[in-house]
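As structure tokens, the structure follows; a few thoughts come after it.
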Amino acid sequence: MLRVDAARQAGGPDGQRTGFSSRLAPEDLLESLRGGWRCDAASVAAGGVLPVTLSGYVVAVLTGLGTWEKREDGRHVFPDAVLAGYVTDLATPVVHLTAPRQADRDVADLLLGTRLPSHSGGAIAYVSIHSSSAN
């Protein structure tokens with residue numbers, strides 16, 4: 001999961017915005033969430049889904065994480081990431097599903113507006129999902 005703060009302009013020459021804001025257009029929101037993270041990019045990609053949380057609540061979901069680039073500063077960018085969905089209100093979540101693939105919209109619909117706590121430091125927290133099989 002990606003834990004973010006409210007959107008703000010990032011330092012550096014490109015002036016890229018980072019973080020979440022319900023006021024951003026979907027394309028700007030995607031741009032602010034898809035890169036510049038210190039993480040194990042292969043593990044993020046293997047998960048296939050990157051829930052984005054603000055204060056523990058899932059406010060956006062990214063998919064399409066199969067490729068990544070490592071910047072000179074050691075941070076990773078996921079250039080092909082897809083904004084599967086996002087919320088525009090946390091008090092009464094208003095969900096917007098934006099992915100072209102139905103499977104991505106379905107997973108976003110399950111996660112958006114839910115609480116997803118984590119206990120590790122940094123922007124990226126790894127959450128293991130254990131599946132159980134019926135005998």
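The values are calculated or read from the model by the stated rules, or taken from the named source; none is laboratory data. As the structure is a prediction and not an experimental result, all values here were calculated from the model. Heavy atoms of the whole protein, side chains included, go into the accessibility calculation; ligands, DNA and RNA do not. Shrake-Rupley method; radii C 1.70, N 1.55, O 1.52, S 1.80 Å.
Brief remarks on what is shown
- In terms of accessible area, using a 1.4 Å probe and ignoring ligands and nucleic acids, 95, 44 rank largest first as 95, 44.
- The candidates 33, 110, arranged from most to least accessible area with a 1.4 Å probe in the full protein assembly, appear as 110, 33.
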